[in-house]
Each structure stands twice: as C-alpha cells, then as structure tokens.
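Trainee: My questions will all concern the structure given below.
The values are calculated or read from the model by the stated rules, or taken from the named source; none is laboratory data. Owing to the predicted nature of the structure, the values given are computational and were not obtained by experimental measurement. Here the Cβ positions follow ideal geometry from the backbone for every residue, glycine too, while neighbour counts run over all protein chains shown.
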Amino acid sequence: MKKRFRFVLILLALVMVLGTACSGKEENTHEDIEGSNGHIYKDGTYQGVGVGNGGDILLEVAVRDGKISSIDVLENKETEILSDVAFEKIVQGVLDNQSVNIDTVTGATISSVGIMSALKDALKKAGGNDETFKMDEIIHLADREDELDQTYDVVVIGGGGAGLSAAIEAKSAGANVVLLEKMSSVGGNTLVSGGGLNVPGTEQQKELGIEDSVELFIEDTMNGGDNINKKELVTVIAKNALPTIEWLVNEVNVEFMPDRLQQFGGHSVARALIPKNNKGTELIKKLKDYGDDLGVVFKMETKAEKLIVDENNRVVGVMAINTAGQEITFNANKGVIIATGGFGANLEMRKKYDPEKDEKYKATVLAGTTGDGIIMAGDIGADLIHMEYIQTYPTCNPRTGIISYVANSRFDGAILLNQEGVRFVEEMDRRDVISKAILSQTNQEGYLVWGQEVEEVGNMTEVHKDEYKVFENMDLIYKAETLEELAEHFDIDKANFMESIDKYNGYVDNGKDEEFNRRGSLKHIAKGPFYIQKVIPAIHHTMGGIVINEDARVLDKDGNIIPGLFAAGEVAGGIHGTNRLGGNAVTDVIVFGRIAGQKVVE
Ligand code: ADP
C-alpha cells in the first residue's frame, strides 16, 4: 500500500470513529479518500471479469468525475430470465447507491456474485481495492413495501411452467389473477430444462413416419412408473398433449425445432418436441410475455407461507411474506392454485421420505424446489401420495450436479462405459435404472462416449456449446481424433475400452445390441472426432406430492374435494408412479396447469 494512501486510511478510521460516535451512523464516502481528482476511482473505462453459473461475465465500467457512471455487460452465459433480474437490479443498485456492497438477488446468487466480482475487478483497475470496497454502504435491494391485504379472484403460488399456464388460463377466462413467486424471476425448473415435451400424434411424427398413439403413450408412461401411476391422470396428460401443443404454438407463440424429435429413455418411439435452442427458456419467456400481455399480476420475491381456510373448510386465500419481512394476505374469491414444484432441494424432506437420498447427492433442481406447497396443503388435510419415489437424473455434472444437455447425446446414440472400459447398462433404459447402475461403478461415475455419426444427429456439443465449455474447463469432457486418446485422457483401461467399442460397432452392423438390447436407432462410434464425458446421477424429480383429481382439484385423506384448492405440476403426486419418463414433466405441468386455471374459474 502506498504511504500516502495508508495515512489517508488512518485518518479515515479516526473520522469514522468520531463520526459514528457523534451521529451513530457511518458517513464516510469515497470522497473522503483522495484519488487523483479527490476520489478513489480515476476517470476512464475499465473492463472486469467475474465467474457466474455459465462461465465468465465480462463488464465494462465507466467512471466519470470519480463516480461509476455506467456499467455495460459485454459478455455473459448466465441462464436467461433467471439472471436477467440480477443484472438489472445489481447494475441499477450500484449506479444509484455508488456502492459495491449490493445484496445478492434471490434465486440468482451465483450470477449475482459473478457480477459483483466482475465489477470489483474493473474498479481495481480504476484505483479501488478490497479496503476501499469495504467502505461502501451495504444495500439490501429487496427492501420494499407491499399492500398488506390484497384481493383477487385467483391466487397462483409458484411461477414455473404449471403456475404460468394456470395463471394465463384463469386470466383468459376473465378472472383477476395474481401469481406469487418466491424467487426474483419466474421459470422454475422448466427454465433450466431442455424444454422437451412428449406429444403423440404430431405433424413431426407423421413426417418422419413414426406411428404413435395416445394409448401407446399411456402404456409407456405406466410401464415407466411400474404401473402404480394413477392411470386416469396419465390419460388426461396423454389426451391433452396435442391440443396443448397447438395452444403453445398458436396462442403463446412458442417455437419448436421443426424437424427434431427426441426419443427419451423408456419411450417406444421418438415423441418429444424440442423448443427453439433446446432450452426451456423459450417456453418460459413466451408464457411470461403472454401472461404480461393478458394482465396477470406478478408478485416476485413473495413467498407463500400458509393457506387460509374459512369456517366451511374452503381455501379462501394465502398468507405470504415478502423480502422485507412483511406478512401479506392475498384473498382469493374463486380459489388458490398450488404450483410450487417438488422437493428435490429440501434435504430434510428427501431424507424423511427416502433416507437413501441424503447429502451424498447433488441436485439438478433450483434452490426454490423445497416442497413448500406439499407442506402447506398437507397442513390443511390434503392427502399425499408416492412421497418415497425420488428420481435421480443419470447424466449430470460431477462437480455441480447440474443436468447436462450435452450428455443427451445418449439419446442420439452415445454409449456408457465405466472406468474399466466396459458397458454396464442399456443406455436407453429408465433414469432410475441407469442412475443405480452408474452408482455401482468405480468412483460412482460413468463415461459417455460418442463419435461423429452420433454428433450429427443432434449436434449436442454445438447446440449446448456454453455447457460444453463449462465441462471442458472442469476437465470433464474431452474431444480427440482417436478413441485411444479418449481412454488415455481419463485413465480408462484402453484394451477393454477399444474392445467394448468394437463389439458395439458390430451390434450396429447387425442392427441388434446383443448385450443390452438397446432401444432406438444404433449408431457407429467409428468416425472422429470422438467425445468422452464424465457423468454422475443427481436428484432431479420428486414423483410424490398432493393428491389431485382429473380437474386438478386437491383431495383430502377421505378422497373428498377440498373446496377452493387446486394443484398442478410437480407438486401433484401419483402421475408418474415410481419413476417419471424424460419429456413427461413439461407435458404434465402445462396440461395440468391449464386445467387448474380453467377449472378454478368455472
Ligand atoms: P412446475 O414444473 O411444477 O411448474 P417448478 O419447480 O418448475 O414446478 O416451479 C415451481 C415454482 O414455484 C418455482 O419458481 C419456485 O421458486 C416457486 N415456489 C416454490 N415455493 C414457493 C412459495 N412458497 N411461494 C412462492 N413461490 C414458490
């Protein structure tokens, strides 16, 4: 530290002590410390880098007259929508308050931290340092005042795919609708998903000559859930899938890849439509825009805590709390729709219902997936079902637990090997089967391996190139011109590795996988470049939840309807049995979300 600067700091400390003693409040500002023009920060434009969820965040910060005058985000790979609020709020917070001590934004903590470290990195080049940063006031962005008693026709709790669809339908039917979301952005787990949804009988299937039917979809889903699924609810999803797609495309304006269909594990045929960019963002962005246009009222950072029940046992509202700690009553003239998602991120709840799903598991789900709706409904007598069935997704990032979409090359033909270089499971089997199989391998890890023939089907490394880079930076994926190099890179038994792939290519030649009877089309792993990716299973979906009927009405333990209460999406149980098939969640949340929104108004 320069001598002169240290002197100024000592002086400043003295002033602080005196000042605080006199006024009881810190009153130091940057101007107290002399820089070239009486300020800490020298005028100019500076770039800084921080690390967020998706990689580097690059900011450009301008300083004029010693003040931070503008902040431009030059580069970021954060999840759209989820991080939008963080960028908006933090940038505004810094400019308004001239402080670098801004609270993180609810639900976007890692992005928030990344933005702040990029800012500090830039400001260090302008003359700031960790000591000067400490002098800035601590700003809580969430402080706000809400009306404490509000009345609507319909109160929707949760802004994932189910909540958004429910709110839109209720509003379209003429109701006055408020949606409460505890995070700072809507989207829930659909936002961070690939967005694929199963629909039998689409134009895409017809063009590809794929024969499918509502009955076959029901059969696959029932088999996938070991036939303990509530068939009447599965039937609702299967029958409504096609009209729901028409609604999404024609009314909500969602764009799907025109000539891509994915066959997820456990399905007899390819039937999943994939939204633009293979991201749930497309669905959420369009649903939110549509809701905004219709006039749905969105209350963010508002957490529902309790359902309010009248003397006739009818649900008449919700008690919620905002980030300033205010308790707000949302009265609901017509009804309340619970769409709070599952409980995959609630460790205690997981362990309560399935002790094996403990700390050793990372989770793919967002932090807000804590089972709040299940608890609230349970507290007023709602029946719960299948709570012990908790699904892991087999192919996630071994460091973060985040689901890997590059690894969906599995559906296009990639094979799974272990550290010994041996195949150990049918790659198109159900998620629970593959997850268990991976957990029984050395290091509880698996390696996906594929070559150019597979890559060309869905271009997973290109479509998900940001994720690819994250894996590359963590040394969890490797690309090479020869198969031998792949084995060497991860220290896999080379002889076994080569033999397994040779054998598999033989099965492809004969059109039959003699070892595991793999479903779907078989592809050679013979032409480079080749890829190898390390994967682990992580908690992904909770099949159990609130018991509902075909109208999304919540039932009590005697099978009676609880008046005024609806539930839709992952919060509802019984639909997927022991195990949800890939691509069935989005179909479920949108179909039942819409039904809840329609029925609450009827
Ligand atoms: P689904 O797929 O069924 O729509 P998601 O998990 O995608 O479920 O979305 C659920 C949403 O509900 C998330 O955005 C989550 O933050 C929100 N949420 C969860 N609990 C509460 C609560 N107590 N109050 C308000 N919002 C909540």
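Trainee: If you go through region 316-350, how many residues are away from the ligand (no atom under 15 Å from the Cβ), at pLDDT 95 or above and either polar (S, T, N, Q) or over 21 Å from the mean Cα position of the chain (by Cα) (or both)?
Mentor: 5
Trainee: Restricting attention to region 87-114, report how many residues are surrounded by fewer than 23 Cβ atoms within 10 Å (Cβ to Cβ) and either in a strand (DSSP E or B) or in contact with a Pro (Cβ under 6 Å, 6 or more places away or on another chain) (or both).
Mentor: The number of residues fulfilling the criteria is 1.
Trainee: If I filter region 269-300 down to residues being of a type outside the set (A, V, I, L, M) and touching a strand residue (DSSP E or B) at 6+ places or on another chain (Cβ under 6 Å), which single residue comes out as farthest from A324 (Cα to Cα)?
Mentor: Filtering region 269-300 for residues that are of a type outside the set (A, V, I, L, M) and touching a strand residue (DSSP E or B) at 6+ places or on another chain (Cβ under 6 Å), the one farthest from A324 (Cα to Cα) comes out as R271.
Trainee: Scanning region 525-565 for residues that are out of contact with any Asp or Glu (no Cβ under 9 Å at 6 or more places or on another chain) and among the small types (G, A, S), which turns out farthest from K362 (Cα to Cα)?
Mentor: For region 525-565, the residue satisfying everything is A552.
Trainee: Next question, about the same structure. List the helices (runs of 4 or more DSSP H) inside region 401-517, counting only whole elements, that have at least 3 residues being of a type outside the set (V, I, T) and surrounded by 18 or more Cβ atoms within 10 Å (Cβ to Cβ).
Mentor: Fully inside region 401-517 and qualifying: 409-412, 431-439, 465-473, 483-489, 494-510.
Trainee: Can you find, within region 360-400, the residue that is modelled with the lowest pLDDT among those that are more than 16 Å from the ligand (Cβ to nearest atom), part of a strand (DSSP E or B) and hydroxyl-bearing (S, T, Y)?
Mentor: T392
Trainee: Working only within region 552-595, note down all residues that are among the aliphatic types (A, V, I, L, M), in a loop (DSSP other than H, G, I, E, B), within 12 Å of the ligand (Cβ to nearest atom) and within 18 Å of the chain's Cα centre (by Cα).
Mentor: A568
Trainee: To continue, here is another question. Tell me whether region 136-149 contains one or more residues that are assigned to a helix (DSSP H, G or I) and in contact (Cβ under 8 Å) with a residue 12 or more places away in the chain.
Mentor: no
Trainee: Something else now. It is to be established whether one or more residues within region 246-254 are within 14 Å of the ligand (Cβ to nearest atom), out of contact with any Gly (no Cβ under 6 Å at 6 or more places or on another chain) and either at pLDDT 95 or above or not polar (S, T, N, Q) (or both).
Mentor: No, every residue in region 246-254 fails to be within 14 Å of the ligand (Cβ to nearest atom), out of contact with any Gly (no Cβ under 6 Å at 6 or more places or on another chain) and either at pLDDT 95 or above or not polar (S, T, N, Q) (or both).
Trainee: Would you check if there is a residue in region 79-86 being buried (at least 18 other Cβ atoms within 10 Å of the Cβ), touching a residue at least 12 places away in the same chain (Cβ under 8 Å) and touching a strand residue (DSSP E or B) at 6+ places or on another chain (Cβ under 8 Å)?
Mentor: no
Trainee: Just give me the residues in region 199-220 being out of contact with any His (no Cβ under 7 Å at 6 or more places or on another chain) and within 21 Å of V433 (Cα to Cα), in sequence order.
Mentor: If the condition is that a residue be out of contact with any His (no Cβ under 7 Å at 6 or more places or on another chain) and within 21 Å of V433 (Cα to Cα), then F217, I218, E219 are the ones that fit.
Trainee: Let me ask another. Suppose we filter G194, G163, G209, G174 for residues that are of a type in the set (G, A, S), part of a loop (DSSP other than H, G, I, E, B) and within 16 Å of the ligand (Cβ to nearest atom); which single one remains?
Mentor: Going through G194, G163, G209, G174 in turn, just one is of a type in the set (G, A, S), part of a loop (DSSP other than H, G, I, E, B) and within 16 Å of the ligand (Cβ to nearest atom): G194.
Trainee: Given the criterion more than 22 Å from the chain's Cα centre (by Cα) and at pLDDT below 95, identify the matching residue among V454, V463, V422, V433.
Mentor: From the options V454, V463, V422, V433, the qualifying one is V433.
Trainee: For region 304-318, name all the residues that are under 16 Å from E181 (Cβ atoms) and either without any contact (Cβ under 8 Å) to a residue 24 or more places away in the chain or surrounded by fewer than 21 Cβ atoms within 10 Å (Cβ to Cβ) (or both).
Mentor: Of everything in region 304-318, just one residue is under 16 Å from E181 (Cβ atoms) and either without any contact (Cβ under 8 Å) to a residue 24 or more places away in the chain or surrounded by fewer than 21 Cβ atoms within 10 Å (Cβ to Cβ) (or both), namely E305.
Trainee: What's the total number of residues in region 236-289 that are in contact (Cβ under 8 Å) with a residue 24 or more places away in the chain, among the β-branched types (V, I, T) and assigned to a helix (DSSP H, G or I)?
Mentor: Count: 6.
Condition check ((1) outside the structural domain of G50 (by TED's automatic domain parsing); (2) modelled with pLDDT under 90) across all residues:
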| residue | (1), (2) |
| --- | --- |
| T106 | no, yes |
| I110 | no, yes |
| L123 | no, no |
| F133 | no, no |
| Q150 | yes, no |
| S185 | yes, no |
